[in-house]
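Okay, structure first, notes after.
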Amino acid sequence: MNRMFPNQWPSTTDQQASAGQEFIGLSDITEFLRRYIGTIIACLAASLLVGGFYNLTTDPTFTASAQILIEPKLPQHLQEGGEVNLSLDTAQVESQIAVMQSEKIAAMVIDQLRLVDDPAFNRPQAPILRERFRKFGEVLLDTFGLRKSAWFTSLWEHFGLSAPESPATLTEYQKSRRSMSIFRNSLDIRRVGVSYAIEISFTSLDPEGAARITNATADAFVREQIETKTDAAKEGGAWLEQRLGQLRTQMNEAMAKAQEFRSRHDYSVGQEASGGTSAVPTLEELEVTAETYQKMYESFLQAYTNSVSQQSYPVADARVITAATAPLRPSAPRPKLILAFAAAAGLVLGIGLSFARHTFDSTIRSPRHIRDNLGVECIGELPPTSWRGESGHVDEVVRYPHSQYSHSLRKARTEISLAETSHPIKFLGLTAVSNHSSKSSVASNLASLYAMSGLKTLVIDADIRAAMTTRLLGPSRALDKPFQDPVRLNIVRAPGRPFDILPGSVVDDKQLLAPGRMKTLLAELTTSDLAACQLAAYDIVIVNLPTLASGADELVVGSVLDGVVIVADWGKTHVETLRELVRTLQASRTPILGVLLTKARAMTPKRRTA
C-alpha cells in the first residue's frame, strides 16, 4: 500500500519542518525586538517628551464638588386621601439634571458672580500651542539661567515669545457667550448611583473660584425651584380667585332659588316665561344643587388658601446636603498618569511602526529569510566592526584576530570547506548585487585567513568595474610596470599582507572574464609548472567576481570555479535583486555555496560567537 501511494501523505519530518517554519518562537520575538529596538526606544522617548511637554505647559486645574438631594413633595390637598407614592423615576431625576445644566442656571450664576468681567475665569484652561511653547521656553530660560544672556533674550523677543498674546477685543454679546461656553464646559453634573442625590462639580484654575461657582450653582438651582413654584402659585391663585367668583355667584343663585321655593310653596318657580310646558324642580333638587355648589366653593376656597400660603412661604423640592470647599490638590494634569499613558502609547506606536517596517521590509535580515526566499543556505553572518555599521577593514583579521568579526569569518571559512561539492574548494568566487557591498573587504580578509593558516593564497581581482585593487593595495610601483606574458608573471605581493594579487587591470587587458581563458589561467596557477618561474603552486585562489550591477554576461566566468559565495549586506540587499543574482548564477551553471551576510546587526544565536 505504501508503494502504491508514496506521495499521499507528507512525512512526519516534513510536517514538523513546516510547522517549525510557521511557528513564531521566542527566538523570533527576541530577534524582532533586537532588530527594531532603536525604533521602539525612539518612539518611547518621543512619547515621553510629548507627555513631559504637556505636563510642563499645562496649568493645574482644580475641581470642587457639591451635592443636592431631590425631595419630591405633593400639595397638601392631594395627600388627604391616604398613602401617596413619592418616588422619583429616572426621567424625573434626569429632568432635574437638565435644569441644572441649562443656560438659565448658568446665566443666574454668571450674573450673580459677575463672571463676564472676571479675567481669571475667562482665561482658557487649555492654552494654544504657541502659548505652550512660550511657557516651555520660559522654563528653559529659568532652568539654565539664560535670561541674563542678551543674545538669547533678543532671540526670544524676535520670535515674539517673550510675552503672552494680547486677547482680541470682543463685543458684550461675544463676552457673554464666551463666559457661557466656558461655564458650561467646566460644569459637570451627574447622578450619585441610583439615589436621588445629584453631584455638581466645577473645574477652574482657581480652587477658591471653583468652590464659589459650585456653591453658587447649587444655590441658583434651589432658588430657581422656589421662583418657579412662586410663579406657578401666583398663576394658580389668580385662576382660583376667578373661579371662586363664578362658583360664589352660582352657589348664591342656587340657594336663593331654594329659599324662594320654601317661602312661597310655589311650584311654578323656574317655569318658563313662554307659557309652554314647564319643568318644575322639587325642593330636594334645589337643595342638592345649592349644596353641591357650596362644596365646590369650599374646595376651591381651600385650594386658594394653600396657593396663597405657597406664595408667602414657598418650599423647594431640593436641598444642598454637601457644600463645596476649595480643593487642596489639582485634579489635572496628573503627571504620573500622563507619563504612564505616554509610555504605553510610545511602546504601542514603536511596536506598530516596527511591525509595519518589518512587513514592508524587503531586505535580507536573517539566515531564515535567505533560506525561505531563495532556497540557498546562509554560510555565515559577519557583524559590523563599528557603530557606523562598517563591515571591517581590508586587514581586519590581521589587526584584530580575536574580534567577533574574525571569529565569524573563520566559521564561514569552515562552512565553505565543508560544502558538499564533488571535490575540495580550490577556486572560490565572491560576488554581490552591487558595487557598494562589502565584497572587497570580505575577499581581502578571507584571503588573509587562508594565508595565515599556511595555504598559498592568490586573489584575482576580476571586478574590473570597481576600484577594489586601488582600495586594497594603494599606490604600488608593481602595478606601473608593463603587462607581461604569461599572465602569471603579473602577479604581485599585496603590500603588508600575506597573499598575492592579480590586479584588475591585468584581468581587463588579458580578457580573463572569458570562461575559457580563466579556466586556463587557473589550471596554470595550480600546477607544478610554476616552479620554472620560481613560483609555488597556489593552494587556494579567490576570484573577486563582478557584481550583478556590472552585467549578467560578466558573471558567466563563475561557471569555471569550484563554488561561488554571494555577499549580501544585512538590511540593504533586497530580496528581489538577490533572487535575480541567484537565477543568473544558476542559469550559467555556477555552483552556489551559499550567502554570506555582512553588517549583521541582529545575529541569530546559532551564529553568534563569544
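The values are calculated or read from the model by the stated rules, or taken from the named source; none is laboratory data. All values reported here derive from a predicted model rather than from experimental measurement. Neighbour counts are summed over all protein chains in view; Cβ atoms, including those assigned to glycine, are modelled from backbone coordinates with ideal geometry.
Structure data summary
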quantity: Residue within segment 399-411 that is closer than 30 Å to Gly52 by Cβ, free of Cβ contacts under 8 Å to residues at least 40 places away in the same chain and outside any strand (DSSP E or B) present; calculated: no
quantity: Matching residues in segment 439-468 - criterion: being crowded, with 24+ Cβ neighbours inside 10 Å, of a type in the set (Lys, Arg) and more than 50 Å from the chain's Cα centre (by Cα); calculated: none
quantity: When residues of segment 506-523 are limited to those that are in a loop (DSSP other than H, G, I, E, B) and not small (Gly, Ala, Ser), the one surrounded by the fewest Cβ atoms within 10 Å (Cβ to Cβ); calculated: Gln511
quantity: So Ile379, is it within 23 Å of Leu581 (Cα to Cα), in contact with an Asp or Glu (Cβ under 8 Å, 6 or more places away or on another chain) and modelled with pLDDT of 90 or more; calculated: yes
quantity: Residue ID - modelled with the lowest pLDDT, chosen from residues in segment 519-534 that are closer than 13 Å to Leu458 by Cβ and among the hydrophobic types (A, V, I, L, M, F, W, C); calculated: Leu530
quantity: Segment 52-84, residues that are small (Gly, Ala, Ser) and either assigned to a helix (DSSP H, G or I) or modelled with pLDDT of 70 or more (or both); calculated: Gly52, Ala64, Ser65, Ala66
quantity: Any hit, segment 248-264, residues being loosely packed, with under 15 Cβ neighbours inside 10 Å, modelled with pLDDT under 75 and either under 60 Å from the mean Cα position of the chain (by Cα) or farther than 30 Å from Tyr196 by Cβ (or both); calculated: yes
quantity: Residues of segment 424-449 that turn out to be in a loop (DSSP other than H, G, I, E, B) and β-branched (Val, Ile, Thr), as a count; calculated: 2
quantity: Enumeration of residues in segment 318-336 that are among the hydroxyl-bearing types (Ser, Thr, Tyr) and not in a strand (DSSP E or B); calculated: Thr325, Ser331
quantity: Sole exception among (1) more than 18 Å from Ser448 (Cβ to Cβ); (2) modelled with pLDDT under 90 for Val557, by number; calculated: (2)
quantity: Enumeration of residues in segment 434-466 that are within 17 Å of Gly558 (Cβ to Cβ) and hydroxyl-bearing (Ser, Thr, Tyr); calculated: Ser434, Ser437, Ser440
quantity: So Leu49, is it at pLDDT below 90, closer than 30 Å to Ala345 by Cβ and either in the same structural domain as Ser195 (by TED's automatic domain parsing) or touching a Lys or Arg at 6+ places or on another chain (Cβ under 6 Å) (or both); calculated: no
quantity: Qualifying residue in segment 313-331 (condition: exposed (fewer than 14 other Cβ atoms within 10 Å of the Cβ) and modelled with pLDDT under 85); calculated: yes
quantity: Residue count for segment 357-374, restricted to those that are under 9 Å from Leu597 (Cα atoms) and not aliphatic (A, V, I, L, M); calculated: 3
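For every residue, the table says whether it meets (1) part of a helix (DSSP H, G or I); (2) closer than 14 Å to Ser65 by Cβ; (3) aliphatic (A, V, I, L, M); (4) in contact (Cβ under 8 Å) with a residue 12 or more places away in the chain.
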residue	(1), (2), (3), (4)
Lys175	yes, no, no, yes
Met180	yes, no, yes, yes
Phe183	yes, no, no, yes
Ile189	no, yes, yes, yes
Phe202	no, yes, no, yes
Ala216	yes, yes, yes, yes
Phe221	yes, no, no, yes
Glu224	yes, no, no, yes
Lys234	yes, no, no, yes
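For every residue, the table says whether it meets (1) within 28 Å of Arg399 (Cβ to Cβ); (2) at pLDDT below 85.
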site: Gly474; (1), (2): yes, yes
site: Arg477; (1), (2): yes, yes
site: Pro482; (1), (2): no, yes
site: Asp485; (1), (2): no, yes
site: Gly496; (1), (2): yes, yes
site: Asp500; (1), (2): yes, no
site: Ser505; (1), (2): yes, yes
site: Leu513; (1), (2): no, no
